Amino acid sequence: MDQEVGFRLRMVRLRRQLSQRALAKQAGVAHATISLIESGRTSPSVSALKRILAGIPMTLAEFFSDELPPVESNVFYRASELTEISGGDGISYRQIGSARAGHVLQILYERYEAGADTGLVMLRHEGEEGGIILSGQLEVTVGESTRVLSVGDAYYFNSRQPHRFRNVGAEVCTLVSSGSPPSF
């Protein structure tokens, strides 16, 4: 049941083109709460689920009667088939494939415009993530360590450590990253 509620919440959130952070903010709950529910690691109480769904907005009846999409079987994806899961503020995250039950790895094609920044508040979530820079430069801060990475450089860390990404170069920075479990 935890997996089904989490999967349903993720599908509804993605259909509404909301990030976990955006939904958490709209619902007045911690980002970690949304992440834990979607990953099936916790089961929300009815009142907690109602509060989260109010941020969409959606009723419990609509939530549980919503048709779930079929599990995809694609192996190959054209650039035009990547799913934009976040945007704005000069940052684009395009996901390979769509969210579905059983995904334990998320792969993103990321694009940071010059000066784009994930924000002063450091990110933190369960799992691990890594990436490799394809073009431009990206300043990566993990905990107390900061390094500017260039083409061919890479990073890999435990995502529970506070982290932040910022394009410090004058040109667009692109990279491919992966995270497990998916955090968007």
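The values are calculated or read from the model by the stated rules, or taken from the named source; none is laboratory data. Note that this is a predicted model, so its numbers are computed, not measured. Glycine gets a Cβ as well: all are built from the backbone with ideal geometry, and neighbour counts include every protein chain shown.
For Val121, the conditions (1) of a type in the set (A, V, I, L, M); (2) out of contact with any Asp or Glu (no Cβ under 7 Å at 6 or more places or on another chain); (3) in a strand (DSSP E or B) are fulfilled apart from (3).
Being among the hydroxyl-bearing types (Ser, Thr, Tyr) and surrounded by 15 or more Cβ atoms within 10 Å (Cβ to Cβ) is a property that Ser183 has.
Applying the condition of being surrounded by 13 or more Cβ atoms within 10 Å (Cβ to Cβ) and basic (Lys, Arg) to segment 134-166 and asking which residue is farthest from Gly115 (Cα to Cα) yields Arg164.
Of the residues screened, Tyr77 is not one that is more than 22 Å from Val29 (Cα to Cα), assigned to a strand (DSSP E or B), hydroxyl-bearing (Ser, Thr, Tyr) and modelled with pLDDT of 75 or more. Going residue by residue through segment 145-152, is there one that turns out to be basic (Lys, Arg) and over 17 Å from the mean Cα position of the chain (by Cα)? Yes, some residue in segment 145-152 is basic (Lys, Arg) and over 17 Å from the mean Cα position of the chain (by Cα).
Checking each residue in segment 48-58 for being among the hydrophobic types (A, V, I, L, M, F, W, C) and assigned to a helix (DSSP H, G or I) picks out Ala48, Leu49, Ile52, Leu53, Ala54.
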